[in-house]
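Beneath this line is the structure, given in structure tokens, with notes to follow.
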Amino acid sequence: MTSILRRITEARVGIRARSAGAVLVGVISLASCRDFDVQNTNAPTQDALTAAPTRAVLARAATGVQIQAFNDLATELEFYSIYGREGYNLLGNDPRETVEQVRGPQDAGGRSGGSWLGKYQAIRTINTYLEALDNSTGLSTPEIRASQGFAKTYKAYHLFRLAVRSGATGIPIDVNRGIADDPAPFVSFADAMAAASTLMDEGMADLQAGGAAFPFAFVPGYTGFTTPATFLQFNRALAADILVHRATFNSCTACWAQAATAIGASFITTAGMPGSLATGVYFGYTGAAGELSNPVTRAIADNTYWIHPSVVTGAQLRSNGEPDLRLTTKVLAAGRSRTWNDLTATHKPVMYNSTTNPAAANTGADVPWITNEELLLLRAETRWNTGNKLGAIDDINLVRQHAGGLPASSLTVLSSDAAFVTELLYNRLYSLLWQQGTRWIDARRYGRTASLPLDRANDVIHPNMLVPASECDARGLDVPCTP
């Protein structure tokens, strides 16, 4: 079988490769500056995809698109948690985790240039898959449209997370170029986010014309969302998430009403509480040999991941005097303290550990992508900003009561915007703890990074991650760069 990935980690891999072929299933990322000629008998080759791809070939490629959604997930779970002081890595084997990522300066050639290559690899694969659909044989027109909507949903989400990662630096988005072409230009943060919204809406239109079924199977994590009609609800949930971030990051006033419409077309529900809070799409893991395993689960005795002390002390109390259920079900006292490089913690994240023994790791634990619990908080945010303050308070109280076991908040329709944001961000932190870097991202989009804890003199809160050094080099720019 011919090569399907060539020069996969060349400096310009994210911005210049047009049709390097579908990524191999089960391989998340490669990191080197050497040339690679990787054989994989389980994934279609570039030639098989771009010539006259059969139904079976396209189905394998669709699996590759799904698997690449996992790219950089472990990086973001750890790095963003450190940046936002949701937790620390106190294993002690890498000084960057307690120096560069907490104090700086950031290194574009190291961790601060991360969470980039994997997403552009995924986008490249999606671009190839979309081209292949145009040449497909054996798929009906509705099946092609369903497949296009599926792929555009993923691509939009990758662009969104890249834009949030980079902030004001911006990102390249016109990346479907030949290897000999000039690098794609960077666009502004706002333009990148708008492009993600546009692509998500294109995906919506395709899914609406997608008939009754996809012409491929789904990996674990999509239970209840595996038809074009139900996947469309997932698309609308992600669309709302992007729009809310645009409204706050980019001052997009019109985005609030658009987000409200998207949420209405998602899978949001107030029925079946508290069980329905968990309804949604997940990054699904099995932990089985040869398959993906949860990358951040750790036994209680392990010294790697720790909860920041402010998360423990900041939890509100239930009527019985016990802490917020979202703390007690996701965090466990280690029975010891861990100090490394003058950073100390006493509690461990166990939300991805065994449900019967939280002290034990669980490599098959799923990571939430977006759930009903998050949608209710997104709707609260949109309702407050579109004049329905009572509805916003109702949504926050639903989450407080059913997820946290807390009494109703003290918010009223006369509360200030600042008071609402404080309450909103409290609930987003505990509802989305160690899921997507919520504390760091929310503090940035609401201008509240100064409120995040600093544990040592000269520690900082980084405003964004850097353009990777390889990207600067490919453009002939000094490192660090802002193209």
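Derivation of every value follows stated rules applied to the coordinates shown; laboratory data play no part. In this text, all values refer to a predicted model and were calculated from it rather than measured experimentally. So basically every Cβ, Gly included, is an ideal-geometry build from the backbone, and we count neighbours across all protein chains shown.
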Exercise for the section: Using only the alpha carbons, work out the radius of gyration and Dmax of the chain in angstrom. Expected result: 22.0, 67
Completion exercise
Scattering profile of the range 152-223 from the Debye formula, Cα beads only, expressed as log10 I(q)/I(0) at q = 0.28 Å⁻¹, is -1.19
Exercise for the section: Work out the FRET efficiency for Asp94 and Ser188 from their Cβ-Cβ distance, taking R0 = 22 Å, and round it to the nearest 0.05. Expected result: 0.10
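Would you mind calculating the gained length between Ser251 and Ala217 on full extension (0.36 nm times residue separation, minus the Cα-Cα distance), in nm to one decimal?
Numbers: separation 34, 0.36 × 34 = 12.24 nm, distance 3.91 nm.
Result for the pair: 8.3 nm of gain on full extension.
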Problem - Two-site label geometry, Glu202 and Leu317: point separation in nm, points 7 Å out along Cα→Cβ - result: 5.5
Exercise for the section: Have a look at Ala190, Phe150, Gly170 and report the one farthest towards the positive end of the charge dipole of the range 140-194, computed about the Cα centre with Cβ charges (Lys/Arg +1, Asp/Glu -1). Expected result: Phe150
Handout entry: Cut-off under 5 Å, modelled amide H: who pairs with Val187 long-range
Key = Ile171, Ile173
Problem - Relative exposure of Ser451, Ser188, judged by other C-beta atoms within 10 Å (fewest first) - result: Ser451, Ser188
Exercise for the section: Please list, in chain and number order, the residues 5+ apart from Leu332 or on another chain whose amide H is under 5 Å from its amide H, with Hs placed from the backbone. Expected result: Lys348, Val350
Practice task
Under a cut-off of 16 Å between alpha-carbon atoms, report the aspartates and glutamates in cross-link reach of Lys389, not counting same-chain residues fewer than 8 places apart.
Solution key: Glu381, Asp417, Glu423
Fill in the blank from the handout: Counted neighbours (other Cβ, 10 Å), sorted fewest up, put Ile179, Ile307 in the order Ile179, Ile307
Practice task
Using Cα positions and a limit of under 21 Å, work out the lysines in reach of Lys348, with same-chain residues fewer than 8 apart set aside.
Solution key: Lys330
Problem - Label-point separation in nm, Leu390 to Thr422, each point 7 Å along Cα→Cβ - result: 2.5
Exercise for the section: Rounding to the nearest 20 debye, state how big the charge dipole of the range 79-186 is about its Cα centre with +1 on each Lys and Arg Cβ and -1 on each Asp and Glu Cβ. Expected result: 260
Practice task
Compute the distance in nm between two label points, each set 7 Å from the Cα along the Cα-to-Cβ direction, one at Thr54 and one at Arg448.
Solution key: 5.6
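Pulled fully out, how much extra length does the chain show between Ala168 and Ser293, if you take 0.36 nm times their separation in residues and subtract their Cα-Cα distance?
Numbers: separation 125, 0.36 × 125 = 45.00 nm, distance 3.37 nm.
Value of the extension gain: 41.6 nm.
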Completion exercise
With +1 on the Cβ of every Lys and Arg and -1 on the Cβ of every Asp and Glu, the dipole magnitude of the chain about its Cα centre, in debye rounded to the nearest 20, is 360
Exercise for the section: Quick one: angle between helix 417-431 and the longest Cα principal axis of the chain, in degrees between 0 and 90, rounded to 10, please. Expected result: 70
Problem - Inter-centroid distance (Cα atoms) of the range 264-281 relative to the range 182-235, Å - result: 20
Exercise for the section: Within the range 404-474, list the trypsin sites (Lys or Arg not before Pro) lying in a DSSP loop whose Cβ has at most 14 other Cβ atoms in a 10 Å radius. Expected result: Arg456
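Please give the contour-minus-distance gain from Val460 to Ser354: 0.36 nm per residue of separation, less the Cα-Cα distance, rounded to one decimal in nm. If you can, show how the numbers build up before the last one.
Numbers: separation 106, 0.36 × 106 = 38.16 nm, distance 3.43 nm.
In short, 34.7 nm is gained.
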Completion exercise
Looking only at lysines whose Cα falls under 26 Å of Lys119's and that sit 8 or more positions away or on another chain, we get Lys152, Lys155
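Taking neighbour Cβ counts within 10 Å as the exposure measure, how do Phe267, Phe79 sort from fewest upward?
Phe267, Phe79
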